[in-house]
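Here you go, one structure.
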Amino acid sequence: MKKILLSILIILIAFWLAGFLVFADIINSYSAAEDEPTEAIIALTGGRNRIAEAVRLLNQGKAGKLFISGVNKATDLKAIQERQDLKIDTDREIALGTEATNTVENAIETKEWLEKNHIKSIRLVTSNYHIPRSIIEFKVHNPSLKIIIHPVYSEKVDKKWWKSWHTFSLIFLEYNKFLYVYVFSNLQLRGI
């Protein structure tokens, strides 16, 4: 019995490790489809350069509206406009969501805004390592939504993750969160 349990454990670890390596490769190979039109840009707070990149896309006319989800309740549009890393040079609509504190809440908060504005397609701006989990959460709450990913790569997250303890731990945690969301969203879809 112990041999069987040990064999199962080794197999599970091997699958986890193989999945981790695939995950690390995928998140570092995303590219942005900047020419694909969408009705809105959605930026998720919590990572470097996300808001600045979303504003850049809005300035370029990649969509008519920008929704920033997960903004601190004490922050308003004026405070965002005063940031040094971005310049808003468009009169297109920018809306702030202040209720979300995690990815699940980002998806719920965004869904409410999308429904209110009758939007069916988005450009999702978030960190490259955050995309797989974000897509699942957004699809769980809005299955018919068309999502164009727009990864943001940070200079603080090394593509050679095995050389940086900070990057390794970030990807390690994100991969495990992704697995949790993936498994439970599939169970949920099957009614289990």
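The values are calculated or read from the model by the stated rules, or taken from the named source; none is laboratory data. In this text the structure is predicted, and so the values were computed from the model without any measurement. Heads up, the Cβs are rebuilt from the backbone with ideal geometry, glycines too, and the neighbour counts pull from every protein chain shown.
Does residue 175 satisfy being farther than 25 Å from residue 55 by Cβ and surrounded by 20 or more Cβ atoms within 10 Å (Cβ to Cβ)?
Answer is yes for this residue.
Turning to a different aspect of this structure: Yes or no: residue 181 over 19 Å from residue 48 (Cα atoms) and surrounded by 14 or more Cβ atoms within 10 Å (Cβ to Cβ)?
Answer is yes for this residue.
Output the number of the condition that residue 187 fails; it satisfies all remaining conditions of (1) among the hydrophobic types (A, V, I, L, M, F, W, C); (2) part of a helix (DSSP H, G or I); (3) closer than 14 Å to residue 44 by Cα.
(3)
Give the residue that is farthest from residue 160 (Cα to Cα), with candidates limited to residues of the stretch 1-50 that are part of a loop (DSSP other than H, G, I, E, B) and charged (D, E, K, R).
Looking at the filtered set, the residue picked out is 39.
While we're looking at this one, here's another question. What's the number of the condition residue 100 fails, among (1) under 23 Å from residue 155 (Cα atoms); (2) within 18 Å of the chain's Cα centre (by Cα)?
Exception for residue 100: condition (1).
In the list 83, 56, 92, 48, which residue meets the criterion of being within 21 Å of residue 132 (Cα to Cα) and among the basic types (Lys, Arg)?
Sole residue among the options that is within 21 Å of residue 132 (Cα to Cα) and among the basic types (Lys, Arg): 48.
Given the criteria more than 15 Å from residue 150 (Cα to Cα), of a type outside the set (Lys, Arg) and either touching an Asp or Glu at 6+ places or on another chain (Cβ under 9 Å) or surrounded by fewer than 10 Cβ atoms within 10 Å (Cβ to Cβ) (or both), does residue 10 qualify?
Judged against the criteria, residue 10 is not a match.
Shifting gears a bit: Taking the criterion of being free of Cβ contacts under 8 Å to residues at least 40 places away in the same chain, outside any helix (DSSP H, G or I) and out of contact with any Leu (no Cβ under 6 Å at 6 or more places or on another chain), would at least one residue in the stretch 103-114 satisfy it?
Within the stretch 103-114, not a single residue is free of Cβ contacts under 8 Å to residues at least 40 places away in the same chain, outside any helix (DSSP H, G or I) and out of contact with any Leu (no Cβ under 6 Å at 6 or more places or on another chain).
Being at pLDDT 95 or above and over 16 Å from residue 178 (Cβ atoms) is the filter here, so list the residues in the stretch 115-143 that pass it.
115, 116, 117, 118, 119, 120, 121, 122, 123, 125
Which members of the stretch 57-82 meet the condition of being outside any loop (DSSP other than H, G, I, E, B) and either under 15 Å from the mean Cα position of the chain (by Cα) or surrounded by 18 or more Cβ atoms within 10 Å (Cβ to Cβ) (or both)?
57, 58, 65, 66, 67, 68, 69, listed by residue number.
Could you go through the stretch 100-119 and let me know if any residue there is loosely packed, with under 14 Cβ neighbours inside 10 Å, under 13 Å from residue 55 (Cα atoms) and among the charged types (D, E, K, R).
no
Which one is nearest to residue 116 (Cα to Cα) among residues in the stretch 28-52 that are among the aliphatic types (A, V, I, L, M) and modelled with pLDDT under 95?
Result: 51.
Just to verify a result, which residue in the stretch 128-165, among those that are among the β-branched types (Val, Ile, Thr) and not in a strand (DSSP E or B), is farthest from residue 101 (Cα to Cα)?
Step by step, filter the stretch 128-165, then rank; the result is 157.
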